[in-house]
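The values are calculated or read from the model by the stated rules, or taken from the named source; none is laboratory data. Since we're looking at a predicted model, the values are computed, not measured. We place every Cβ from the backbone using ideal geometry, glycine too, and count neighbours over all the protein chains shown. Protein only, heavy atoms only, side chains kept; ligands, DNA and RNA dropped before computing areas. Shrake-Rupley method; radii C 1.70, N 1.55, O 1.52, S 1.80 Å.
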Amino acid sequence: MKPSKKSIHLICNAHLDPVWLWQREEGIAEALSTFRIAANFCEEYENFIFCHNEAILYEWVEQYEPALFKRIQELVKAGRWHITGGWYLQPDCNMISGESLIRQITLGKQYFQKKFGVYPKTAVNFDPFGHSRGLVQVLSKAGFESYLFMRPAPARCELPADLFRWQGYDGSEIIGHRLFGCYMTLRGTAGAKLQEFINNDQEHNVGAVTWGIGNHGGGPSRIDLEELNKYIEQHPELNIIHSTPDKFFKELKESGTELPVHNKEMNFFATGCYTSQIRIKQEHRKLESEFTLTEKMLSAAWLTAGHEYPTAKLREAAVDLAFSEFHDVLPGSSIKAVEDDSLRQIAHGSEILSRLRTSAFLAMLQGQSAAKDGNMPLFVWNPHPYPVNTLIECEMQLADQNWKETFSDIEVFNGNHKIVSQVEQEASNLNLDWRKKVVFAAELPPSSIIRYECSPKEIQLSELSKPQKVSGKSFVFDNGQMSLVISRGNGLIKSFKVADKELVRPGTGRIIVMQDDADSWGSGTKSYKKRIGSFSLMNRVEATEFAGLNKNKLAPIRIIEDGAVRTVIEALFKYKKSTLRMQYYLPKKGTEIELRMQINNQQPNCMYKMSMPFIDKESECVAQDIFGRKEIPGTREEKVFSQWFATTSETHDAALAVICDSGHGLDFFKGEMRYSLLRSPCYSALPIGERLLVSEDRVHDHIDIGQRNFRFKICGGSPKELLPEMDKKTMIFAESLPGILFYPGGDGKKIASQALVKLFDGPMVMTCCRRSLDGENLIVRIFNPTATTVKSQLSILGDKITAKIKLSPFEIKTFEVNPDTKIISEVNGIK
């Protein structure tokens with residue numbers, strides 16, 4: 001029902017970044033001060049309501065000032081203090097995975113329901129720099145009805161209206177509202193903001209105005225609150241109330257207001273943040289993958305070996321991961337001290353997970369037979385619910401040092417079947433035949449452990465095959481399924497064919513240098529168009545000096561490994577004082593190339609991009625998004641994506657796709673995809689009016705100066721075959737298959753070999769597999785990464801428990817499996 005007079009909901013908040021221009025200790029102190037002031041105001045002014053989100057801040061208050069926390073609990077019960085948003089914190093909403101979004105919600109929900117017995121219906125992300133369309137499905141299935149945000153501003157992101165129905169990839173909807181102005185007000189300006197809103201918003205009978213000092217906390221001020229209360233008394237023709245986001249959206253819904261539909265993402269703001277502080281992005285993605293992998297392994301050990309499921313330790317690692325996703329940490333807009341602190345916290349979470357995986361793996365190896373004399377048993381676990389064909393790398397130690405003029409080769413067996421393998425340079429540089437690295441091709445069944453026997457074999461040095469030299473104008477590699485040509489003149493890819501179909505133009509893989517500035521956010525930049533140079537192949541003298549050798553022995557492009565499994569080519573490049581080591585990993589079977597890069601960056605205020613020019617200049621570009629897939633326009637504008645991007649051509653029936661391990665920035669124009677490797681602005685530098693961007697009386701620290709490492713997987717094929725499989729390929733690339741060299745004692749009962757989870761055929765992926773919070777059941781989440789409806793069979797514990805499943809385009813479904821009753825139930829929402 002339409003209200004009789006205009007309703008305006010005053011939402012008081014105190015946005016507080018836990019870290020940003022300050023470190024955690026200062027954030028804790030400000031949280032205590034802000035919450036203390038807000039509690040005093042709630043108790044003093046009867047009509048006042050304070051709204052705040054982010055469980056992490058409440059945890060700090062509970063830990064460091066318990067008496068204040070109890071006051072807040074009472075105020076929540078009385079309806080004077082409103083738990084807003086309900087997430088753990090306000091994360092970046094473009095670069096994290098769908099499962100990380102779910103964890104942000106569930107961590108917050110568990111905390112607020114346990115400590116306050118409430119949970120809001122409105123999700124709130126005031127300050128993140130943009131919002132993936134994939135958010136909608138997650139929010140809807142998590143029980144949210146509405147979404148309140150500020151960025152991007154109208155000039156950066158056109159919406160049909162600031163109040164709208166936001167539609168996700170799967171068709172689900174929630175109500176979205178972009179705030180009027182900012183989420184905060186400066187001291188003494190709240191009344192003016194309210195008047196400005198009234199003057200400007202003539203369209204709706206129900207509106208909301210946010211106020212309160214923010215960014216570094218603060219919240220309500222007496223001058224603002226008393227001015228607002230005075231305004232309310234003076235304007236009885238308006239229904240102005242101190243309120244909450246939930247009350248605002250409830251009245252909006254009841255008013256019957258018709259809202260337009262928005263079915264796109266909400267970007268862009270701060271395009272530089274898709275790339276800034278690349279180590280944070282790399283280590284965050286690594287921890288995301290490790291967390292998912294560890295949950296799967298612990299679930300398998302729990303159900304098959306009776307191993308303890310360490311819920312508390314997992315939560316500790318989940319909090320480390322969640323904190324790294326904060327919208328000033330993951331985007332790289334914080335000071336250097338916060339970057340260092342965050343890397344340390346990510347490492348803490350990674351160490352916890354590493355120890356948990358080792359414990360779970362060894363538990364599942366109970367009862368394995370003792371190794372035969374001279375053999376080294378290697379156990380590899382496939383965490384995925386489908387078969388995986390991949391290359392396994394493993395290092396091992398010989399039983400004794402070999403001081404003879406011979407070489408110890410390593411043969412690999414699966415049972416009595418000999419596996420194709422090769423020995424490569426190990427990580428150490430001890431010039432002695434003792435430490436070994438073996439690489440072999442593995443075919444792994446779904447969610448299972450496979451045992452391999454590694455057996456040393458002494459051979460004469462004359463039997464070793466020596467890598468061929470790169471001669472002529474190009475190096476040509478052809479394994480019958482794909483071919484690659486690398487130019488000897490520039491060290492770049494000249495041709496890449498899959499099934500005899502050309503996919504690239506010459507110069508693929510070139511690292512180009514773009515003009516940038518000291519702005520950490522790239523706040524006003526839509527695109528990075530001004531090219532100022534590129535990395536070029538070193539000459540022999542430069543390559544030798546770079547390698548630390550004394551004589552001009554090193555060619556700038558060489559074959560460094562060559563065997564029955566793969567060939568590895570290394571090329572050395574330079575740009576001014578910066579250097580690049582590029583390694584091409586070429587499999588003797590298959591169609592996927594791996595690139596490994598090591599850049600030593602010494603150039604401030606630059607951006608490095610990797611150029612991937614597709615064969616068809618009229619092609620289209622698509623990229624992975626959170627629980628979805630998005631189009632990348634051919635405008636050279638910087639866009640954000642998740643983990644893979646691809647260009648496709650119907651004319652050529654061809655596609656070229658790239659999976660990366662780090663940043664999230666990309667542009668596209670006339671068939672050329674340019675991936676943003678790193679950028680080197682100053683820390684936390686932001687344009688303010690006509691003032692200098694940074695002071696010019698000293699040297700400032702620049703982001704990502706020094707050595708940085710990158711990994712890529714390049715895939716090619718038919719679009720209809722390649723694109724539906726890209727999410728699978730990405731998960732295999734990201735979740736390194738766990739392998740452990742272990743000598744069993746042969747005691748105990750052998751754990752039955754059975755697949756934890758299997759999915760039969762189709763493109764579906766398993767994004768989550770863990771024990772339920774009540775400790776009784778198994779939770780499995782499945783995602784359909786395509787625009788068509790797909791069907792499959794879900795099997796648990798070696799086909800003991802099965803169910804037919806069907807997922808609509810880009811749909812996620814959560815299933816709860818009872819191991820005792822052998823029943824699979826679809827969960828209504830997200831669990």
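The table that follows gives values for the structure above.
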| read-out | value |
| --- | --- |
| The chain - mean residue ellipticity at 222 nm from DSSP helices (-39,500 (n - 2.57) per run, n ≥ 4, rounded to 500) | -7500 deg cm²/dmol |
| Carbon and sulfur %, accessible surface of the chain computed with the full protein complex present, 1.4 Å | 48 percent |
| Pairs of Cα atoms farther than 20 Å apart, the range 710-770, % | 51 percent |
| Protein-only accessible surface order, largest first, of L756, L464 at 1.4 Å | L464, L756 |
| Inter-label distance, nm, simple model (7 Å from Cα along the C-beta direction), K286/E316 | 2.0 nm |
| With Cα atoms, 0 to 90° folded angle of helix 55-64 axis to the chain main axis | 80 degrees |
| Per-residue SASA entry for H307, accessible area with 1.4 Å probe, Å² rounded to 10 | 40 Å² |
| Quarter of Cα convex hull surface for the range 320-372, i.e. mean projection, nm² | 5.2 nm² |
| Computed E for H348/Q234 - FRET, C-beta separation, R0 60 angstrom, nearest 0.05 | 0.65 |
| N539 paired with E631, simple spin-label distance in nm, labels 7 Å along Cα-to-beta-carbon | 4.9 nm |
| Cα Rg, Dmax, the range 392-476, angstrom units | 15.3, 46 |
| Estimated distance in nm for a label pair at I241 and L741, the labels positioned 7 Å out from Cα along Cα-to-Cβ | 7.0 nm |
| Alpha carbon centroid spacing (whole Å) that separates the range 642-659 from the range 531-562 | 32 Å |
| A752-T802 FRET efficiency (beta carbon distance; Förster radius 22 Å; 0.05 resolution) | 0.80 |
| Convex hull of the range 629-743 built on C-alpha atoms - directionally averaged projected area, nm² | 12.2 nm² |
| Kirkwood Rh, angstrom, the range 452-552 [1 / mean 1/r, Cα pairs] | 18.3 Å |
| Rounded tilt (10° steps) of 98-116 against the dominant C-alpha axis of the chain | 40 degrees |
| Cα centroid separation - the range 270-316 against the range 678-744, whole Å | 17 Å |
| The chain - accessible surface per residue (Å², probe 1.4 Å) | 40 Å² |
| Whole-number Å³ per residue for the convex hull built on Cα positions in the range 90-175 | 93 Å³ |
| Rg followed by Dmax, in Å, when the range 33-112 is reduced to its Cα trace | 13.8, 43 |
| C-alpha long axis of helix 311-324 to longest principal axis of the chain, angle in ° | 80 degrees |
| Filter on K250/K831; K264/K630; K281/K609 - keep pairs with C-alpha separation over 20 Å | K250/K831 |
| Distance cut-off 27 Å, percentage of C-alpha pairs in the range 323-466 lying past it | 43 percent |
| Volume per residue that the Cα convex hull of the range 519-570 spans, once the total is divided by residue count, Å³ | 177 Å³ |
| Net lengthening on full extension, R691/E816 (0.36 nm per residue, minus Cα-Cα) | 39.3 nm |
| Computed over the chain, Cα set: Rg, Dmax in Å | 28.6, 98 |
| Percent of Cα-Cα distances greater than 13 Å, calculated over the range 680-724 | 73 percent |
| Residue order for K670, K336 - accessible surface, 1.4 angstrom probe, largest first | K670, K336 |
